[in-house]
Amino acid sequence: MTKHILLVEPDYYTQYPPIGLLKLSSYEKSLGNTTELIRGCNIPKKRPDRIFVTSLFSWSWRPVWRAVNYYKKKYPSTPIYLGGIYASLMPKHAKLSGADYICKGIVPEAESLMPDYELRPEWDGSIIFSSRGCNRKCGFCAVPRIEGRFNSVKSSIKDFVWPKHTRIIFFDNNFLWNENKFEILNELIELDRSVDFNQGLDARLINEEIAECLGKLKYESSNSIRLAYDTIMEKKAVENAINLFSENNIKKRRILVYALFNYEDTPESFLERVIDILKWGSVCYPMRFEPLRALEKNLYVSENWTKERIEAVQTARRVIGYGGAFPPYQGLIDKFQNASDFDEAFQLREYKGDS
C-alpha cells in the first residue's frame, strides 16, 4: 500500500537544500511511496503517513521543536522521526521536542542514492559526498561523532551529478583523503562544470600533483578554494598549499582561509595566524568556535579569551572586513602587523583604511 511521506525542513537559516531529506525522498520513492517537502510549519497537500524532520546545528533547535510540535498537533497519530546534526549530537534533548523517534547519523539505505532534486527544482547544484567521516578527530568538529572515521568512499561521482545542474558541490569532510581522488578530479575536468569543495580542503594533504589537478577545474567567481589554519602547527602546510595553488592557475586572493578562534588558542596566536594569511596574499575568515552542544549561539567564551576581545574581532569583521572576512589589503596587513599586541591591532578608531 502506497504511503505518503512528509519531509520537513524547519524554518532556520541555511543556504543549501536539505540533502538528507532529498535522499530520503529518493529512498521512499524506490519503495513505491510518495513524498512531499515542506519548509517550516505549513499544511501539506496530502495527509502524511510518516513525517521526517531534519535539523542543523544545536543552537538552531527552537525552529526544530516548533516544527515537531506543529505537526504533532496537526497529525497526532502520525509518527514523527527527527534526524540531522542536532538530533545526532543531542538525542536526549531532541527527544524532548516530542518526536516519536530520534535518528542518529546517516541513513545507510539512502546514502547511495541520488537526492530527489525534483523537490527543489529551482536549486542549481549537485551536492555530493564522495566519502563520509574523517580521521583527524579535531576536538571542535562534529564529524567524527556523527559519521565516524573515514568511510563510504566512492570511486566515481558522475552518476550523482543532476543533468540540469551547472554546479557540483562537495560536502566531503576531507575530500583529499579519498584514495580515488585523482579519478574523481579527472571526472570533474571532463564534466567541465563549476566545482565547490564546500567543506574546505586539508592543506596538509596538498602536493604538486593535487594542486595541478585542482588548478584545471572551473570555479565560481567567489573564492575558489577554502583552507583552514586552526593552529600554528599548520603554518607550513597552509603556506605551502597557497603557493602551490598560485603556481597552478589559482590566484592567492581567491583562496579563503578559515582562522579558528575562541577555542584553545590565545588572542595573540589568532592575530599571528591572521597576519600570516594576509601576508601570504589570501583572504582570512575568522571562525568563532562554538561548543558542539551549545543551545545558544555566541555565548561561549574560552578561558584564553574575553567577551570584549571576541566582540573586537566580530566588530572588525563588520567594519574593516568584507563579507565577514579580511581581504589581503596592504592597509590591513600594516595595521595588524605594526600593532604591539592583539588589543592595539583591533582598535578600530586608529584605522584609516585602504583601497
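Computed from the coordinates by the stated procedures, all read-outs in this text should not be read as laboratory data. Just so you know, these numbers come straight off a predicted model, no measurement behind them. Reconstructed Cβ throughout: ideal geometry from the backbone, glycine too, with neighbour counts over all protein chains shown.
Under 19 Å from a point placed 7 Å out from the Cα of Arg253 along the Cα-to-Cβ direction: which residues of region 318-332 have their backbone N that close? Residues 320-332 qualify, since their backbone N sits under 19 Å from the label point.
Our estimate of slack between Arg193 and Lys216, defined as 0.36 nm per intervening residue step minus the Cα-Cα distance, is 7.2 nm. Applying a DSSP loop filter and a limit of 15 other Cβ atoms within 10 Å to the chymotrypsin sites (Phe, Trp or Tyr not before Pro) in region 1-81 leaves Tyr13. Backbone phi angles across region 14-27, fed through the Karplus curve with coefficients 6.51, -1.76 and 1.60 (θ = phi - 60°), yield HN-Hα couplings of 7, 7, 10, x, x, 4, x, 5, 5, 5, 4, 4, 4, 5 Hz in residue order; Gly and Pro are listed as x. In a DSSP loop and with at most 11 other Cβ atoms within 10 Å, the GluC sites (Glu not before Pro) in region 131-186 are Glu179. In this simple spin-label model, placing a label point 7 Å from the Cα along the Cα-to-Cβ direction at both Tyr101 and Thr166 gives a separation of 4.1 nm. Using the Cβ-Cβ distance between Ser112 and Lys235 with R0 set to 25 Å, the FRET efficiency works out to roughly 0.05.
Applying a 4.7 Å cutoff between beta carbons, the unpaired cysteines of the chain are Cys41, Cys103, Cys134, Cys213, Cys284.
A simple spin-label model places the labels of Tyr16 and Ser340 4.6 nm from each other, with each point 7 Å out along Cα-to-Cβ.
Taking the Cα centre of the chain as reference, the dipole from Cβ charges on Lys and Arg (+1) and Asp and Glu (-1) amounts to some 1440 debye. Projected onto its three principal axes, the C-alpha set of region 72-130 covers 35, 26, 19 Å, listed from the longest axis down. The Cα-based radius of gyration of region 43-146, divided by its Kirkwood radius, gives an Rg/Rh of 0.99.
For Glu9, the residues whose modelled amide H falls within less than 5 Å of its own, excluding neighbours fewer than 5 places apart on the same chain, are Ile38, Arg39, Gly40. Relative to the longest principal Cα axis of the chain, at what angle does helix 235-246 sit, 0 to 90 degrees, rounded to 10? Roughly 80 degrees between the two axes. Built from the Cα atoms of the chain, the convex hull projects on average onto 18.7 nm², one quarter of its surface area. Among the trypsin sites (Lys or Arg not before Pro) within region 246-341, those in coil by DSSP and having at most 16 neighbouring Cβ atoms inside 10 Å are Lys251, Arg293, Lys297. Spatial offset of region 126-161 relative to region 17-70 amounts to 23 Å, using the alpha carbon center of each. Computed over the chain, the per-residue total of -39500 (n - 2.57) for DSSP H runs of n ≥ 4 gives a 222 nm mean residue ellipticity of -9000 deg cm²/dmol, rounded to 500.
What does the extension gain come out to for Val301 and Lys45, with contour length at 0.36 nm per residue minus their alpha carbon separation? So the chain would gain 87.6 nm between Val301 and Lys45.
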